[in-house]
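First the structure, in the form of structure tokens, and then the observations on it.
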Amino acid sequence: MKTEFERFNTDRPDLCPALRWKGQFILAEQDPTVPRSNEGLFWCLHTQTCIGPDGKLAEPGNCCSARRKCHGSI
């Protein structure tokens, strides 16, 4: 089972470009004194929901592998 950090870590070089999350739209520098709040609010541009086209959850831990058929197909 993946840890919360593994599931919600968005600092991945192979993250699918169709994955979106609220934090992408906050135009502020990260404050290292404030803990990150990975609340897990992610969605897929293909489906506009938290479920990807393949029926799996759209979150960084799942959307970082080319094994997923929809990965990178914008």
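I need the full set of residues from segment 10-25 which are part of a strand (DSSP E or B) and either touching an Asp or Glu at 6+ places or on another chain (Cβ under 6 Å) or among the aliphatic types (A, V, I, L, M) (or both), in order please. Correct list: Leu19 only. Within segment 4-31, restricting attention to residues that are small (Gly, Ala, Ser) and surrounded by 13 or more Cβ atoms within 10 Å (Cβ to Cβ), which residue is modelled with the lowest pLDDT? Per the criteria, the residue is Gly23. Taking segment 43-62 as the range and being acidic (Asp, Glu) and in contact with a Gly (Cβ under 8 Å, 6 or more places away or on another chain) as the test, only Glu59 passes.
Here segment 32-74 is the region considered, the condition is being of a type in the set (Val, Ile, Thr) and assigned to a loop (DSSP other than H, G, I, E, B), and the residue that is modelled with the lowest pLDDT is Ile74.
The values are calculated or read from the model by the stated rules, or taken from the named source; none is laboratory data. Predicted model only: the values in this text are computed from it and were never measured. Cβ atoms come from the backbone with ideal geometry, glycine included; neighbour counts cover every protein chain shown.
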